[in-house]
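Scroll down for the structure; my scribbles are underneath it.
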Amino acid sequence: MSLFLLFQTDNWKSRASRVFFGAFDSRNKALDFAKYNDLYWYNSEVVVIEVTLNEFREI
């Protein structure tokens, strides 16, 4: 099973600037949540990362 983690970050998408906003069961739900809550701004980006449950690896 996969989860999709939603982050808001700066224009350069650096890991230090990531702010976690939730875990979703589909990419579309994550993007709809981002649009509904106005996470898209002129100086920020939205990043959705797919993670597989019960599997260890570094992101």
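Checked against the criteria, residue 45 does not count as open to solvent by 100 Å² or more (accessible area, probe 1.4 Å) and either assigned to a strand (DSSP E or B) or charged (D, E, K, R) (or both). Annotation note: Cβ proximity below 9 Å between a residue of segment 32-59 that is closer than 13 Å to residue 21 by Cα and a residue that is open to solvent by 80 Å² or more (accessible area, probe 1.4 Å) and of a type in the set (A, V, I, L, M, F, W, C) (sequence gap 6+ or interchain) occurs for 45/12; 49/59. Among the residues of segment 29-42, the ones that are under 16 Å from residue 1 (Cβ atoms) and open to solvent by 70 Å² or more (accessible area, probe 1.4 Å) come to 1 in all. Going by what's in this entry, would residue 26 be described as open to solvent by less than 80 Å² (accessible area, probe 1.4 Å) and at pLDDT below 90? So residue 26 does not fit the description; no. Note on segment 32-59: residues that are at pLDDT 90 or above and among the charged types (D, E, K, R) amount to 5. Any residue in segment 9-22 that is out of contact with any strand residue (DSSP E or B) (no Cβ under 8 Å at 6 or more places or on another chain), among the small types (Gly, Ala, Ser) and either open to solvent by less than 70 Å² (accessible area, probe 1.4 Å) or not in a strand (DSSP E or B) (or both)? Scanning segment 9-22, I find at least one residue that is out of contact with any strand residue (DSSP E or B) (no Cβ under 8 Å at 6 or more places or on another chain), among the small types (Gly, Ala, Ser) and either open to solvent by less than 70 Å² (accessible area, probe 1.4 Å) or not in a strand (DSSP E or B) (or both), so the answer is yes.
The values are calculated or read from the model by the stated rules, or taken from the named source; none is laboratory data. From a predicted model like this one, the values you see are computed outputs, not experimental measurements. Positions of Cβ are backbone-derived with ideal geometry, glycine not excepted, and every protein chain shown enters the neighbour counts. Just so you know, the surface numbers come from the protein's heavy atoms only, side chains and all, with ligands and any DNA or RNA stripped out. Shrake-Rupley method; radii C 1.70, N 1.55, O 1.52, S 1.80 Å.
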